[in-house]
1. What is the distance, in nm, between label points placed 7 Å from the Cα along the Cα-to-Cβ direction at Ala195 and at Val137?
2. Mind listing which chymotrypsin sites (Phe, Trp or Tyr not before Pro) in segment 246-327 are in a DSSP loop and have 11 or fewer other Cβ atoms within 10 Å?
3. Between Gly60, Leu15, Leu4, whose Cα lies farthest towards the positive end of the dipole of segment 4-76 when Lys and Arg beta carbons carry +1 and Asp and Glu beta carbons carry -1, centred on the Cα centre?
4. With label points built 7 Å along Cα→Cβ from the Cα atoms of Thr327 and Ala205, find their separation and express it in nm.
5. Grab the other residues whose beta carbon is less than 9 angstrom from that of Thr214, score K and R as +1, D and E as -1, and report the net.
6. Using 0.36 nm times the number of residues separating Ala297 and Asp335, minus their current alpha carbon distance, what extension gain do you get?
7. Which one, Tyr236, Gly135, Ser210, is farthest towards the positive end of the dipole of the chain when Lys and Arg carry +1 and Asp and Glu -1 on their Cβ?
8. Output ³J(HN,Hα) for segment 310-324: one whole-Hz value per residue in order, computed from phi by the Karplus curve 6.51 cos²θ - 1.76 cosθ + 1.60 with θ = phi - 60°, and x for Gly and Pro.
Amino acid sequence: MRLLTIGAFARDAGLTVKALRIYADTGLLRPAAVDPESGYRYYRPEQLDLARLVARLRRGGMPLRRIRQVCAHWPDDPSTVAGEIARWWSATQAETAAREQLVTSLVVELRTRRTTMTDQSTGFGLRCAARTDIGRVRTSNEDRAYAGRRLLAVADGAAGPGGSEASAAVIKALARLDTGPWDAPGTVLADATRAADDAVRQVGAGTGASPISTVTALLQIGDRFELVHVGDTRAYRWRGGELTRLTRDDSYVQTLVDADRIDPALALAHRQRALLTQALDGTGTAKPAHAAHRLVAYDRYLLCSDGVWAVVPDDDLAAVAAGLDPTETVRAVIDLADRAGAPDNVACVVADVVP
């Protein structure tokens, strides 16, 4: 039987001799033979595949404990090994995204704060209104809207079992933020969004369905809005006579537009317009977008579901956003969707920033 010295084996496997000794001591990669007098270790060439797998997983950042679990299926079941690696990487990405959101929000807060981190006092208030409508075609309403003292939110549950419960659970989880104060303002919205995702999971467990919900929310913290968004609900800002969209749809058609594969003007007519690339589905894999927007007096914010923007052009939204008070504007937006046929549920929130 041909054996490789530990040095030769380490070189061929892309590992260090020190790492091989650690893997041997932990039972992950034991030598084929050990010289009884010198203690020198030898390995079979057939062990190289496993050693190279371990080396690649370590370079990818997988901890040794998880590597031992993965390698327990090697070489008999490579598909299971691949599945274990994929699950670990998905969880790692979710954890990294959560840390990124936390750090990004903290940096924004530290750069913009004028008082202490626990002081949410501000010179601004919100005058707002919210409304949903079942539309002309649907037999149930899966849309939810919320307008409070500090929080604005729109959620859209997927049509079918658990859809309305999912969107309601999302709004309920976020609505707890409306009272404040919070111990960690920089992470409060991200934490509440994770709680909302878990609430969707609980809805699924209770109904036996696989519900999902989109959400777009704005939370006033001091002199800024923190925004969270996942799915195809939208947020707009009206400032100085111009309507600006603040969110990007998490949809298949949006990826086609971004890649210049279809003209944006044709996106609404695409047969897969409603196909989402991510939403809150209770699995913890969604990666919501986060942003911060400085409050400016007399700005107006409009949140809506796709039941609005899919049938009401932005120019028409801009026209109604230019006047009327929030309650009248919400009614006007719902009326525009109704005149366009309202094939979907409709949800709208309008808020004015007042000094």
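Laboratory data are not the source of any read-out in this text; all were calculated from the coordinates shown. Bear in mind that the values here come from a model prediction, so they are computed numbers and not experimental data. Heads up, the Cβs are rebuilt from the backbone with ideal geometry, glycines too, and the neighbour counts pull from every protein chain shown.
1. 3.6
2. Values: sites: Tyr252, Tyr298, Tyr301, Trp309; in loops: Tyr298.
Hits after loop and neighbour filter: Tyr298.
3. Value: Gly60.
4. Rounded to a tenth, the inter-label distance reads 4.1 nm.
5. Numbers: positive: none; negative: Asp156, Asp232, Asp250, Asp306.
Here the count lands on -4.
6. Details: separation 38, 0.36 × 38 = 13.68 nm, distance 2.75 nm.
Extra length from Ala297 to Asp335 when fully extended: 10.9 nm.
7. Towards the positive end, the residue furthest out is Ser210.
8. 6, 10, 10, x, 4, 4, 6, 4, 4, 5, 6, 6, 6, x, 6
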